[in-house]
Amino acid sequence: MENYWHIFVDGYRDYGRYLWSEITQLHGRNYLLWLIGISVVFFALELARPWRKDQPRFRKDFWLDAFYMFFNFFLFSLVIYNAASDVAVTFFNDMLAAVGIRNLVAIEVGSWPVWTQLVALFLIRDFVQWNTHRLLHRVPFLWQFHKVHHSVEQMGFAAHLRYHWMENVVYRSLEYVPLAMIGFGIDDFFIVHIFTLAVGHFNHSNLKVPLGPLKYVFNNPQMHIWHHAKHLPAGRSYGMNYGLTLSLWDYLFGTACIPSDGRDVELGFPGDERFPTSFLGQVRTGFGGKDRP
Ligand SMILES: [Zn+2]
Ligand SMILES: [Zn+2]
């Protein structure tokens, strides 16, 4: 027990040091700089060539979403997540050891060329996340948290990181075992994180970029806006277009749906007019366990 307590305390100390170094040391692999840089690029593109020309430049909830970006990317880990997840991982490994499992690795990719490792990691992670996103829509308990992301009324790049802190827990827990099983030898996923961050911003941006045949591979604003549609087409009551970075999974598994040009489609979910509008109101939602409205 004392061991877990030390891991918990060390988790805070290490993450606190990391966050401080992100703020004070401006080097090329600094997540904070990349988050700001990518956000500025998409904001400038939205100003220059907006898809919805009549949408305000500082759309509804722009600043709320700007805060969510920093909260979900940095602060939540400092508040509790990093220390708690270090304890959970140690506890999980101790439990496995107690039943005789000392190594989760099923495929050893450490000897592969580094680019192959990165592509494998990216594909497996994105597929697990696509499944996790489907669960967020299917399981009533999880949908209560996911509503925060779907409470966006006017779409823009910063809406990407508006989501309930429980989604961090759900996504990272469900991807932990599959990623541990491939035993990747990479200790640096920086480029994968930055790439998925940029594509996530792109999906939510107020931009129209025809991708041609690449739309069957990469998610994009013209597809993801339908994921946020308030009124779903018949037979799609649990949603559609679940892809995060790749649209490929939706096309492969029949969950892709773009009924028409979604530029001005109404966003949200039935009953969203009663949903909390403040950050504090939204982070407290989700524990009532009510069914989908
Ligand atoms: Zn969703
Ligand atoms: Zn979204």
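Values quoted throughout were computed directly from the atomic coordinates according to the rules given, and no laboratory measurement underlies them. All values reported here derive from a predicted model rather than from experimental measurement. In this analysis, Cβ positions are derived from the backbone assuming ideal geometry, glycine residues included, and neighbour counts consider all displayed protein chains.
The angle separating the long axis of helix 190-204 from the principal Cα axis of greatest extent in the chain is about 20 degrees. When the chain is treated as a Gaussian network with alpha carbon springs shorter than 10 Å, the biggest mean-square fluctuation among S278, S39, S173 belongs to S278. Candidates Q25, F127, L252 compared by Cα position along the dipole of the chain: farthest toward the positive end lies L252, with charges placed on Cβ. Against the chain, whose longest principal axis is taken from its Cα atoms, helix 2-24 shows a tilt of about 50°. When Rg and Dmax are taken over the Cα atoms of segment 136-293, they come to 16.1, 47 Å.
Hey, fewest Cβ within 10 Å first, where do I36, I194, I225 land in order?
Starting with the residue having the fewest Cβ neighbours, the order is I36, I194, I225.
Note on T277 and S237: with the Förster distance fixed at 35 Å, the Cβ-Cβ geometry gives a FRET efficiency of about 0.85.
Stretch T285-N168 to full length: gain in nm at 0.36 nm per residue minus the Cα-Cα span? Working shown, then result.
On the way: separation 117, 0.36 × 117 = 42.12 nm, distance 1.50 nm.
Additional length available on full extension: 40.6 nm.
Fully extending the segment from R49 to F8 would add 10.1 nm, taking 0.36 nm per residue of separation and subtracting the current Cα-Cα distance.
Placing unit charges on the Cβ atoms only, positive for Lys and Arg and negative for Asp and Glu, gives the chain a dipole magnitude near 780 debye about its Cα centre.
Computed from label points 7 Å out along Cα-Cβ, the spacing between F218 and T24 is 3.8 nm. Of the Cα atoms belonging to segment 112-213, the radius of gyration and Dmax stand at 15.2, 45 Å. Return the tail of the calculated pair distribution for the chain, meaning the percent of Cα-Cα pairs more than 24 Å apart. Counting pairs separated by more than 24 Å, the tail of P(r) holds 56 percent. The long axis of helix 140-150 is offset from the longest Cα principal axis of the chain by roughly 60 degrees.
Can you sort H133, H6, H27 so the residue with the fewest Cβ neighbours within 10 Å comes first? Working shown, then result.
Values: H133 23, H6 11, H27 8.
The order, fewest Cβ neighbours first, is H27, H6, H133.
List the trypsin sites (Lys or Arg not before Pro) within segment 143-230 that DSSP assigns to loop and that have no more than 15 neighbouring Cβ atoms inside 10 Å. Mind dumping the intermediate values first?
Numbers: sites: K147, R162, R172, K208, K215, K230; in loops: R162, K208, K230.
Here the trypsin sites (Lys or Arg not before Pro) that fit, given the DSSP loop and packing criteria, are K208, K230.
Extension gain L96-L32, at 0.36 nm per residue separation less the Cα-Cα distance, in nm?
On the way: separation 64, 0.36 × 64 = 23.04 nm, distance 3.55 nm.
That works out to 19.5 nm of additional length.
For the chain, what is the mean residue ellipticity at 222 nm derived from helices alone (per DSSP H run of n ≥ 4: -39500 (n - 2.57); sum divided by total residues; nearest 500 deg cm²/dmol)?
Values: 11 runs with 153 residues, N = 293.
Per the formula, -17000 deg cm²/dmol.
Between L267 and K230, the built amide H atoms are under 5 Å apart, and every one of these is 5 or more places off in sequence or on another chain. Using C-alpha pairs under 8 Å with a sequence gap of at least 6, the mean separation divided by the residue count of segment 179-290 gives a relative contact order of 23 percent. Modelled this way, with points 7 Å down the Cα-to-C-beta line, the labels at V265 and I194 are 3.3 nm from one another.
If contacts are Cα pairs under 8 angstrom and at least 6 residues apart, what is the relative contact order of the chain in percent? Don't skip to the answer; put the middle values down first.
Values: 355 pairs, mean separation 69.2, N = 293.
In percent, rounded to a whole number, it is 24.
With contacts taken as Cα pairs under 8 Å at a separation of at least 6 residues, segment 204-263 carries a relative contact order of 36 percent.
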